[in-house]
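Data first, discussion second: the structure below is written as structure tokens.
The values are calculated or read from the model by the stated rules, or taken from the named source; none is laboratory data. The shown structure was predicted, so the numbers you read here are calculated from the model rather than taken from an experiment. Heads up, the Cβs are rebuilt from the backbone with ideal geometry, glycines too, and the neighbour counts pull from every protein chain shown. What goes into the accessible areas is simple: the full protein's heavy atoms, side chains included, and nothing from ligands, DNA or RNA. Shrake-Rupley method; radii C 1.70, N 1.55, O 1.52, S 1.80 Å.
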Amino acid sequence: MAQDRTCDVLIVGAGPTGSALALFLAQQGVRVLIADKAADIYPLPRAAHIDHETVRIFQALGLAAPIMASCRQAPRYDFVNARGDVLLRFDGADRIGAGGWPAANMIHQPSIERALRDALHANPAITLRTGWTLQALAMDDDGATARFADGADETTVRARFVVGADGTRSATRALAGIALDDLCFDEPWLVIDAIVHDAARLPTINLQICDPARPTTCVLMGSGRHRWEFMLRPGETPEQATDPAFVAALLAPWNVEGAVEVERLAVYRFNARVAHRWRAGPVLLAGDAAHQMPPFAGQGMCSGLRDAANLGWKLAAVVAGDAPATLLDTYQAEREPHVRQIIALAMMMGRTVCELDPEIAAARDVQMIAARAQAGEMRPPAAALANGHLLAGSAAAGDYFPQFLGAAGERLDDVLGAGAWLLADAPIPTGEGGVRAADLSHPALAPFAAAIAEWLRTRDVPAVLVRPDRYVFGTGTPSDLQAAYRFATAAQSPVPDGAFIRESEMSIDGTYDVVVKSPMGERKSVLTVQSAGDRFTGTNAGDAGSFDVSGAVSGNTLTWQQKITTPMPMTLDMTATIEGDTITGSAKAGAFGSFPLSGQRTG
Ligand SMILES: Cc1cc2nc3c(=O)[nH]c(=O)nc-3n(C[C@H](O)[C@H](O)[C@H](O)COP(=O)(O)OP(=O)(O)OC[C@H]3O[C@@H](n4cnc5c(N)ncnc54)[C@H](O)[C@@H]3O)c2cc1C
């Protein structure tokens, strides 16, 4: 028999994304119902890695301690060829990242999901229903009505907003009529998860072995676990690949018999897809429902957690009546570009690893070894927001605000707590509209005051307003920042470019020495910029010749397209932000990913 229930936000899917979102919403007083078709968490390992920013998100939910308890660190992630030559290296994975936690953490996903599930159960503001499968969804101007199959029964839930966090095959996405953009990556891999009995016999770094005879991944997992992944060759079937003799032959070169015990075998097809729309009226998508990526960059779950952190405070503000529903449109605008960057990186890594042609692989090795010698070490692209709920044009708007650590291990977020922060180098009035205001003389900020002061000084600004998801809303004077934040949150649209920004902060015209660091080596050029309103013209002159450039200006950010002919003909999507005399940004080379751009004004 159908029962009617109501809630502010209905979340379909209690995987990591949906669970984290439910906890963020409940923290802010939103009535949440979260429903999952499974009886309990997914018990087998999936994600191997989470980054420092993801741990900081768990910290905001009070879960950093249980999650870090089952993590361990691997200092390096190497892509090597069949001979063991290093093609690509991500170093310093065990150093503290900007999020205030180790840059890379090897995990056991079920342990994380268990911590999240326990927190859902313990939270009285959250109603969790398991064994509920979404069957139908009707949307109207005031919300949505979802029908679930609940064993032999059916239940109807009426909600102002519905978030589909129901994974790759999202029923919410299908019922909302949202299509996927397929980025054309589809490779079958056998995943072997193992329980470790003798860690001394296993590698201590993460490896991608780019051997065309058998592309292979070997990574640490959470404490006491290890994983191998082997790409299936054309003609090999999942049934063959999971045969014990086949598995034993694959593991034989690793000489780990007796050192590990296989926990599970699974064949996955690694795909890359992005939903066209992440919002359709009252329905939003998050996590794997909105985007899927091959696991080579270890970012699928991390991306879902970033979605939850971004969407949580916005949905809460809309439900509370503090912001119009159009604030939710900034969610996709902010998150999708970073997700696409990460997918491009994961696909570039995947194409590097998955090459099966020995001649092409040999040419790749020569090129990558030479490029590595020039470009130095690689870093994953930092998550920075270009458009959305930002004070566009102010220094550092959209940047990730670091979690500074005190000498005794104190963490900034633990001291300042949830919500937005206004931090200033001189005394300021009390924060308004839920913004926590503090100047650097505040005793609680003593352990971090020097680091925050340095952050403000290098950007030449008196104050910063940090959003609840720890991205910089903007910088400027405290009163301008408060006014702009109020305007951006309550208004129908983001702050108009240039509003609340001092004229002197906005000069972008000039000449810049620019370097793009790509896996093919450093590309140096001289960029001239002459702006006129929201457009600019200029030249970009480097080794490959001098090109006229023209593009758009948004605040102090330039975007333009540039055609190149070497190493192959393609069009680069260029983005560059000018702060004072410094220019930083990226050159996006289609599916090959984005490469950092940096430089200095010379005239
Ligand atoms: C081999 C492998 C390696 C990976 N490595 C990494 C890594 O190193 N780092 C990383 O960050 N990520 C990694 N990932 C990706 C990561 O596992 C996923 O991105 C993450 O689980 C997505 O979380 P989610 O909550 O969005 O979706 P899911 O975890 O898929 O959760 C979706 C939930 O929705 C429920 N559901 C589905 N349909 C319905 C319905 N109709 N009604 C009700 N409920 C429904 C499901 O039961 C499930 O609980 C890896 C994945 C794989 C497979």
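Of the residues making up the range 79-98, none is modelled with pLDDT of 95 or more and within 16 Å of the ligand (Cβ to nearest atom). Residues of the range 279-322 that are aliphatic (A, V, I, L, M) and more than 10 Å from the ligand (Cβ to nearest atom): Ala280, Val283, Leu284, Ala309, Leu311, Leu315, Ala316, Ala317, Val318, Val319, Ala320. For residues that are in a strand (DSSP E or B) and surrounded by 15 or more Cβ atoms within 10 Å (Cβ to Cβ), scanning just the range 94-126, find the one that is farthest from the chain's Cα centre (by Cα). Filtering first and then ranking leaves Ile126. Based on what the data block shows, is Leu328 over 21 Å from Ser594 (Cα atoms), part of a helix (DSSP H, G or I) and touching a helix residue (DSSP H, G or I) at 6+ places or on another chain (Cβ under 7 Å)? So Leu328 fits the description; yes.
Taking strands (runs of 3 or more DSSP E) as the structural unit, those lying wholly within the range 1-78 and holding at least 2 residues that are closer than 29 Å to Ala199 by Cβ correspond to 49-51. Number of residues in the range 160-217 that are within 29 Å of Thr133 (Cα to Cα), away from the ligand (no atom under 16 Å from the Cβ) and open to solvent by 30 Å² or more (accessible area, probe 1.4 Å) equals 4. The condition of being in contact with a Leu (Cβ under 6 Å, 6 or more places away or on another chain), within 25 Å of Ala26 (Cα to Cα) and not aromatic (Phe, Trp, Tyr) holds for only one of Ala308, Ala323, that being Ala308. Taking residues in the range 187-204 that are closer than 17 Å to Pro45 by Cβ, and partners anywhere that are assigned to a loop (DSSP other than H, G, I, E, B) and hydroxyl-bearing (Ser, Thr, Tyr), the pairs with Cβ atoms closer than 8 Å and at least 6 places apart or on different chains are Leu190/Thr242.
Residues checked against (1) at pLDDT 85 or above; (2) buried (at least 21 other Cβ atoms within 10 Å of the Cβ); (3) over 17 Å from Ala396 (Cα atoms):
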site: Gly555; (1), (2), (3): no, yes, no
site: Gln561; (1), (2), (3): yes, no, yes
site: Ile564; (1), (2), (3): no, no, yes
site: Pro569; (1), (2), (3): no, no, yes
site: Ile578; (1), (2), (3): yes, yes, no
site: Ser586; (1), (2), (3): yes, yes, no
site: Leu597; (1), (2), (3): yes, yes, no
site: Arg601; (1), (2), (3): yes, no, yes
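Of the residues making up the range 510-523, those that are modelled with pLDDT of 85 or more and surrounded by fewer than 20 Cβ atoms within 10 Å (Cβ to Cβ) are Gly510, Thr511, Asp513, Val515. In the range 326-343, of all residues being among the hydroxyl-bearing types (Ser, Thr, Tyr) and touching a Leu at 6+ places or on another chain (Cβ under 9 Å), the one that is farthest from Pro294 (Cα to Cα) corresponds to Thr330.
Residues that are among the polar types (S, T, N, Q) and within 16 Å of the ligand (Cβ to nearest atom) were ranked within the range 52-78; the one that is farthest from the chain's Cα centre (by Cα) is Ser70. So is Ala446 more than 20 Å from Ala384 (Cα to Cα) and outside any strand (DSSP E or B) or not? It is true that Ala446 is more than 20 Å from Ala384 (Cα to Cα) and outside any strand (DSSP E or B).
Of all residues in the range 110-140, those satisfying the criterion of being out of contact with any strand residue (DSSP E or B) (no Cβ under 8 Å at 6 or more places or on another chain) and more than 23 Å from Leu284 (Cβ to Cβ) are Pro110, Ser111, Arg114, Ala115, Asp118, Ala122, Pro124. Residues that are open to solvent by less than 10 Å² (accessible area, probe 1.4 Å) and within 18 Å of Arg173 (Cα to Cα) within the range 293-308 comprise Ser303, Gly304, Asp307, Ala308, listed in sequence order.
Just to be sure, is Leu25 more than 14 Å from the ligand (Cβ to nearest atom) and open to solvent by less than 20 Å² (accessible area, probe 1.4 Å)? So Leu25 fits the description; yes.
Here Ala39 does not fit the description of being among the small types (Gly, Ala, Ser) and open to solvent by less than 40 Å² (accessible area, probe 1.4 Å). Note on the range 218-239: residues that are of a type outside the set (Gly, Ala, Ser), open to solvent by 40 Å² or more (accessible area, probe 1.4 Å) and under 25 Å from Thr352 (Cα atoms) amount to 5. Selection of first residues in the range 382-402 that are on the phi > 0 side of the Ramachandran plot and of second residues that are in a loop (DSSP other than H, G, I, E, B) and at pLDDT 90 or above, restricted to Cβ pairs under 7 Å at least 6 apart or on distinct chains, gives the following pairs, ordered by first then second residue: Gly398/Leu390.
Scan the range 241-278 residue by residue and report those that are in contact with a His (Cβ under 7 Å, 6 or more places away or on another chain), farther than 30 Å from Gly304 by Cα and either of a type in the set (A, V, I, L, M) or within 16 Å of the ligand (Cβ to nearest atom) (or both). The answer is Ala259, Val260.
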